[in-house]
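What follows is a single structure, written as structure tokens, with notes after it.
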Amino acid sequence: MSESSSNPELIGALALHYDDLVAYIRRRFQGSQFAREVVHDVCVQLLEKPPQQPVKLPFAFLRKVSFNKAIDRRRADRTQDAHIEFTAEVPDWHVHDLDGAASLDFEQQLHALLAIVEALPARARQVFLLHRIHGMPQKEIAAELGISLNMVTQHFSRAMQAIVRDWEPARRALAK
């Protein structure tokens, strides 16, 4: 902060000529939001790293710094645009019929899976949720529940067997 206070006339000039600087950049680069962002960047730059030499003409200096910052930003935007492919529309790989049949089927299958998981024995349900939903490794589950790793494996196997036995999408996935 001591560095920025060493040049109060430059910060004062920026505050005084803010609208003029925005208008100057807007005229040169076509965009009022872009111009405000550039002048804000200049303000941050001056606060973080003020010029080492005294500035004799603050407004001229601010115009030049703002113009250079605008050029840098435009070049960065063009470089980004050249390397990043933007699509007008994000493709939906799961487009379904307008009648909502697929959505209804998904919702029904989800409720069926939830019912199967809720019907599992308490320990098997707990192990299944910790491992599959929360991504906890089986060793950590064993330590957390105070049971052996072998018991964690058995509870998880029971849960998966019940799901495969009772849930149609799981049976279809295994049949492929």
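The values are calculated or read from the model by the stated rules, or taken from the named source; none is laboratory data. Fair warning: this is a prediction, and the values are worked out from it, not measured in the lab. Using ideal geometry, Cβ is built from the backbone for each residue, glycine included, and neighbour counts are taken over all protein chains shown. In case anyone asks, the SASA skips ligands and DNA or RNA and just uses the protein heavy atoms, side chains included. Shrake-Rupley method; radii C 1.70, N 1.55, O 1.52, S 1.80 Å.
Odds and ends about this structure:
- Residue that is modelled with the lowest pLDDT [pool: residues in the stretch 39-91 that are farther than 16 Å from LEU21 by Cα and among the polar types (S, T, N, Q)]: THR87
- Pair list, Cβ < 9 Å and 6+ apart or interchain, from the stretch 33-58 residues that are outside the structural domain of ASP19 (by the TED database) to residues that are open to solvent by less than 30 Å² (accessible area, probe 1.4 Å): none
- Residues in the stretch 139-151 that are over 35 Å from the mean Cα position of the chain (by Cα) and either in a helix (DSSP H, G or I) or on the phi > 0 side of the Ramachandran plot (or both): GLY146, LEU149, ASN150, MET151.
For every residue, the table says whether it meets (1) surrounded by 15 or more Cβ atoms within 10 Å (Cβ to Cβ); (2) out of contact with any Lys or Arg (no Cβ under 7 Å at 6 or more places or on another chain); (3) part of a loop (DSSP other than H, G, I, E, B).
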| position | (1), (2), (3) |
| --- | --- |
| GLU107 | no, yes, no |
| LEU114 | no, yes, no |
| ARG123 | yes, yes, no |
| HIS155 | yes, no, no |
| ALA162 | yes, yes, no |
| ARG165 | no, yes, no |
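- Residue-level analysis places GLU118 among those that are open to solvent by 40 Å² or more (accessible area, probe 1.4 Å), of a type outside the set (Ser, Thr, Tyr), in a helix (DSSP H, G or I) and in contact with a Lys or Arg (Cβ under 9 Å, 6 or more places away or on another chain).
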